[in-house]
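To start, the structure itself, in structure tokens.
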Amino acid sequence: MARTGQENPRFIRALGLFSATAVNMSQMVGIGPFITIPLILSAMGGPQAILGWIVGALLAMADGLVWSELGAAMPGTGGSYVYLREAYQYYSGKLIPFLFVWSTLLATPLIMSTGMIGMANYLGYFWHGMTPLDTKLVAAGITIITVALLYRRIDSIARITQVLWGGMILTVLIVIVAAATHFHPRLAFSYPPGAFALTPKFFAGLGAGLLIAIYDYLGYYTTAYLGDEVKNPGKVIPGSILLAILAVAVIDLSMNIGIIGVVPWQEAAKSTTIGTLFMEKAWGPTGATILALLILWTAFASVYTGLLGGSRLPYNAARDKLFFKSFGILHPRLKFPYISLLVMGGFTAIFSFFSLSAIINALMAISIVVQFIGQVIALTLLRIKQPELHRPFRQWLYHVFRTLWYVVWAFFLFPFRRVGGLRIHGLG
């Protein structure tokens, strides 16, 4: 029988549906769209990049349903570790969860470091003449500040997260309003000749674009990592995941279409700070300055919630004696796994010295192989081996979404994940 977070009463259950959805959305939006719009335009060669966002949203929903069923049934701290431990115990013992928890020490800091680097690049809008070394040092410094602000009780963090979420919503609303009031359809839909011709080049571009889009959607599962700190997890975890995916899909699609309706896609594809370039064209330098500050706010919200969730991942592994014992110790007063937070913060600072393109490629390779594929298989194994497991939420259209999931990963991500379009202009 699966072990759940109910066996560990020491955590504080403080995250309701609103706070949990805010955690997921803040992690999902972050700096992502403001550094990857040029990347996906370059990969797909035009406004047809919208296909990458649409297919990416469908794949995120398919995977989010997997997380929802597993998270509702086994709401333990550490999320995927708990699910993989319960599913693979019948076949490989502790090998798969052991591999996962080690990969987590890389995957979580990798994705966090992209946010730190993105913030450092947008700070360059104010700090003219910032050198590449300056950028990396600033990214490491932001990591230290983030860890310091996370060193507190979860109920306090829940309130901070809601404030950060509010700033994120304000940011995207400003972008969407500015785009709507300066939108030019001829720019947004200026497809190059043969844009939708089903050629090998098209599918290669779509594969690369989908990989970038999935990177942008990452984070919809953050509350599953916090299962012991969520109120009524059987309902709140699935609700927060699905609401976050739907909301962010609308936000990302609106922002992407809107921005290339103001900035010609050929120019946008070469930008390193697309947000400020867009706002300068729409509302001038003052608007660009305001948006740059809000982008920094939004990016910080993402890394803050990301490190919050990621720092909980090794906790159960340490308690199962599959990881260093110190990772399973809660702070005596603040009641959170503080060793894990400090270690992951340290790795994030180190990874901030690598290029964005290298980080994204490494991140997606680790996440796809160890976590995403392993977890979809885990859902199937658990349905077979533990049919009596209480499931407050069951994946909708189980066979349809599972098939979609395998097809998309197999035919789009693996063959094309190293397409040259993944290079980020000026950031590598």
What about TYR315, is it aromatic (Phe, Trp, Tyr), in contact with a Phe, Trp or Tyr (Cβ under 8 Å, 6 or more places away or on another chain) and either open to solvent by less than 10 Å² (accessible area, probe 1.4 Å) or not in a helix (DSSP H, G or I) (or both)? yes
Selection count where residues are touching a helix residue (DSSP H, G or I) at 6+ places or on another chain (Cβ under 9 Å) and either modelled with pLDDT under 85 or open to solvent by 70 Å² or more (accessible area, probe 1.4 Å) (or both), scope the stretch 123-138: 6
The listed residue being in a helix (DSSP H, G or I) and open to solvent by 10 Å² or more (accessible area, probe 1.4 Å), out of THR298, THR380, THR348: THR380
Hey, among VAL172, VAL177, which residue is open to solvent by 60 Å² or more (accessible area, probe 1.4 Å) and either on the phi < 0 side of the Ramachandran plot or charged (D, E, K, R) (or both)? VAL177
Considering residues of the stretch 239-282 that are of a type in the set (Asp, Glu) and more than 22 Å from the chain's Cα centre (by Cα) only, the residue surrounded by the most Cβ atoms within 10 Å (Cβ to Cβ): GLU280
Given (1) of a type outside the set (Lys, Arg); (2) at pLDDT 75 or above; (3) assigned to a helix (DSSP H, G or I); (4) surrounded by fewer than 18 Cβ atoms within 10 Å (Cβ to Cβ), number of the condition ALA362 does not satisfy: (2)
Subset of the stretch 31-76 (residues that are outside any helix (DSSP H, G or I) and of a type in the set (A, V, I, L, M, F, W, C)): ILE31, MET74
Subset of the stretch 139-160 [assigned to a helix (DSSP H, G or I) and in contact with a Leu (Cβ under 8 Å, 6 or more places away or on another chain)]: THR146, VAL147, LEU150, ILE154, ILE157, ALA158, ILE160
Quick one: which residue in PRO109, PRO97 is touching a Leu at 6+ places or on another chain (Cβ under 6 Å) and crowded, with 24+ Cβ neighbours inside 10 Å? PRO97
Tell me yes or no: at least one residue of the stretch 397-412 is under 18 Å from the mean Cα position of the chain (by Cα) and modelled with pLDDT of 80 or more. no
Pairing a residue in the stretch 318-329 that is more than 13 Å from ARG85 (Cβ to Cβ) with any residue that is of a type in the set (Asp, Glu) and in a loop (DSSP other than H, G, I, E, B), where Cβ atoms lie under 9 Å and the two sit 6 or more apart in sequence or on different chains, gives GLY328/ASP320
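Quick one: count up the residues across the stretch 13-63 that are β-branched (Val, Ile, Thr), within 19 Å of THR223 (Cβ to Cβ) and open to solvent by 10 Å² or more (accessible area, probe 1.4 Å).
1
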Given the conditions (1) part of a helix (DSSP H, G or I); (2) surrounded by fewer than 16 Cβ atoms within 10 Å (Cβ to Cβ), report the number of the one that PRO193 does not fulfil. (1)
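The values are calculated or read from the model by the stated rules, or taken from the named source; none is laboratory data. Being a predicted model, the structure only gives us computed values, none of them experimental. Neighbour counts run over all protein chains shown; Cβ positions are idealised from the backbone, glycine included. These area figures cover heavy atoms from the full protein model, side chains too; ligands, DNA and RNA do not enter into them. Shrake-Rupley method; radii C 1.70, N 1.55, O 1.52, S 1.80 Å.
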